[in-house]
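Structure, as structure tokens:
The values are calculated or read from the model by the stated rules, or taken from the named source; none is laboratory data. Small disclaimer: the values here were computed from a predicted structure and weren't measured. FYI the Cβ positions are ideal-geometry reconstructions off the backbone, even for glycines, and counts take in every protein chain you see.
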Amino acid sequence: MKALRRILFSLHIFICMEVGAQIVDFSQMYNNYVYLNPAFVGNTSCPHIFTSFRNKDSFSDGFTSAYLSFDMELGKSNSSFGVSLLQDFQSSVFSETELLAIYAKSFQLQKKLFLSTSLAGGYVHKSVSYSNLVFPNMLDVFQENIGDSGEDLSSLKRNDFNSELGLLLYNDVFYAGMTVKNLQGNVTDFNKQQNAFPRILSLHGMAKFSTTKAFMLKYLIWFYPHVNIVIGGTSSYAQMGLILQKWMVQCGGAYRQNFPLNAKTFSFFIGVVEKKFRFAYNCDMTINSSKRIGSHEVSFGYQFDCREKKKKFEAVKAPTF
């Protein structure tokens, strides 16, 4: 059975490399803003750093993803800059590293309504070590051990350019955005082998409201409904959720439906929010499968001190949900 799982994983790796890059499915869209939409770069007036770690129990060993971002405003030009680093790997078989530089520009549409646009570009390195995979011709019903394979077991490495586009409409109580990942689409490497980066579209939004307009802390509870729809690649999905906040504590959940596969996932979330930092944990679990494949994700964000700046556009800051 273990050998069968390793074969299935080998086929999965082949499919991923042939189809092209896929985005990592971080569940905490309400915290991981820069990964969700690069137009969020600079949404706080002070420099901000964020990191997230996710482990998914897929096949035999599972995928592990780590993400790090840093962003800040650029003077009084209503523009911002950021960098992000993503590492996605599976044991000693599959590895992908992406480093992006991000530039964002904000525009005032109305007194308290703004539009932020962004463009990100950078370097992607992918590698697969076929010597650590199991192929069908390595199995023999008359032998217990795994034999040799006639396949080419040399490692495959690719270096590519990747880019993203982000648009964000916001005020102090909501945001609605669109992200196009793998903006350049299909590219060709130096060996004239096509490396498909399928464009992936993300439509997302969030709002916030409270139980009282008087802002009495004794009774105040914040509600954060959110939605994220991802279209493209080998699969698409829709995620809807609700976060509740009382004092510094947040908790909530989200439901996700994958297409075309009928995979349904529920996510439980808990976090702590303070003026300068936030910490969160969530656990995802497939609810319509006999094998409860799940994932765990933790994140931490910190906002550095900085000098107070004059209000630009006579408006509020971008929403810090």
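Quick notes
- The lone criterion from (1) at positive phi; (2) exposed (fewer than 15 other Cβ atoms within 10 Å of the Cβ) left unmet by Asn78 is number (2).
- Condition met for Thr234 (modelled with pLDDT under 90, over 15 Å from the mean Cα position of the chain (by Cα) and within 21 Å of Asn37 (Cα to Cα)): yes
- If you go through segment 243-259 and keep only what is of a type in the set (D, E, K, R) and exposed (fewer than 14 other Cβ atoms within 10 Å of the Cβ), you end up with just Lys246.
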